[in-house]
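Here is the structure we will look at.
The values are calculated or read from the model by the stated rules, or taken from the named source; none is laboratory data. Please read these numbers as outputs of a predicted model, since none were measured by experiment. Don't worry about glycine lacking a Cβ; one is built from the backbone with ideal geometry, like all the others, and counts go over all protein chains shown. What goes into the accessible areas is simple: the full protein's heavy atoms, side chains included, and nothing from ligands, DNA or RNA. Shrake-Rupley method; radii C 1.70, N 1.55, O 1.52, S 1.80 Å.
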Amino acid sequence: MIVTLIVACEVGFWILLAVGLALRYLAKMPRAGAAVLLLEPLLEVVLLIATAIDLRNGAEADWKHGLAAVYIGFSVGLGHSTVKWVDARVAHRFAGGPPPARPPKYGRARAVHEWRTAGKWILASSVAIGLLQAAVWYVGDSGDISSLRDWQSKMLLVIGINLVVALSYTLWPKREPLR
């Protein structure tokens, strides 16, 4: 049930995004579009509640519950920037908006961009780790929490990779080619 709900939340995210942007740009109803986009966090709330109920009703904490926590974390950390990214492209394509800004390619500007990107992934992973820890405490000594701990380790790896990438752009910035 949890995996089905995760898939439904992901599909729901994209449907709400499409409807919200269609209302905003195609139907010229920006307030209605914004209202639809504001419904997206409710999907994560539903998933969080369903996961807690599943665990409360005696389900063994397994990879599915961990995946739900990771999905919610990534929605929190990356959802807003994903909506902004898609919004900029739809505005350009359908509403005559300016072309979306491209990330900088070189030097300090690129390093700053990489640190901002890493910050989003670190936030996502940290929220997931926090939710996973809450699930560990919720399950307590009564169940097997190894799969939840495995997900926490994976999120620490995501944090580490993002720190290494951002740090590499800081220590070895890509230089603009000579002309």
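For residue 90, the shell of other residues with beta-carbons less than 14 Å away shows a net charge of +4, using +1 for Lys and Arg and -1 for Asp and Glu.
Hydrophobic long helices, here whole DSSP H runs in the chain with Kyte-Doolittle means of at least -0.5 and Cα atoms spread over 30 Å or more along the helix axis, are found at 63-95, 107-139, 146-171.
Using C-alpha pairs below 8 Å separated by at least 6 residues, the relative contact order for the chain is 25 percent. Computed from backbone phi with θ = phi - 60° and the Karplus coefficients 6.51, -1.76 and 1.60, the 3J(HN,Hα) list for region 99-104 is x, x, 5, 8, x, x Hz; x is used for glycine and proline.
Solvent-accessible surface of the chain, taken per residue with a 1.4 Å probe and all protein chains present: 62 Å². When you count the other C-beta atoms within 10 angstrom of each residue and take the mean per peptide, 61-68, 132-139, 1-8 line up highest first as 61-68, 132-139, 1-8. Estimated from helices alone, the mean residue ellipticity of the chain at 222 nm is -27000 deg cm²/dmol (sum of -39500 (n - 2.57) over DSSP H runs with n ≥ 4, per residue).
Classify the chain as rounded, prolate or oblate from the Cα gyration tensor: take a ≥ b ≥ c as the square roots of its eigenvalues, call it rounded if a/c is under 1.5, otherwise prolate when a/b beats b/c and oblate if not. Since a/c reaches 1.5 but b/c is at least a/b, the shape of the chain is classed as oblate.
If you roll a 1.4 Å probe over region 131-179 with all protein chains in place, what percent of the accessible area is carbon or sulfur? About 64 percent, which is the carbon plus sulfur part of the accessible surface. Which of the three applies to region 1-53, rounded, prolate or oblate, going by the alpha-carbon gyration tensor with a ≥ b ≥ c and a/c under 1.5 meaning rounded? Oblate is the answer for region 1-53, as a/c is 1.5 or above yet b/c matches or exceeds a/b. The residue list 168, 77, 61 was ranked by how far each Cα lies along the charge dipole of region 39-179 toward its positive end, using unit charges on Cβ atoms, and 168 comes out on top.
Could you grab the relative contact order for region 21-94? Cα pairs under 8 Å, six or more apart, rounded to a whole percent. About 35 percent, as a whole number.
In summary, the aspartates and glutamates within cross-link reach of residue 64, defined as a Cα separation below 17 angstrom excluding same-chain residues under 8 places away, comprise 10, 44, 54, 144, 150. Taking a straight Cα-Cα cut-off under 30 Å and skipping sequence neighbours fewer than 8 places away in the same chain, the lysines within cross-link reach of residue 174 are 84, 105, 120, 154.
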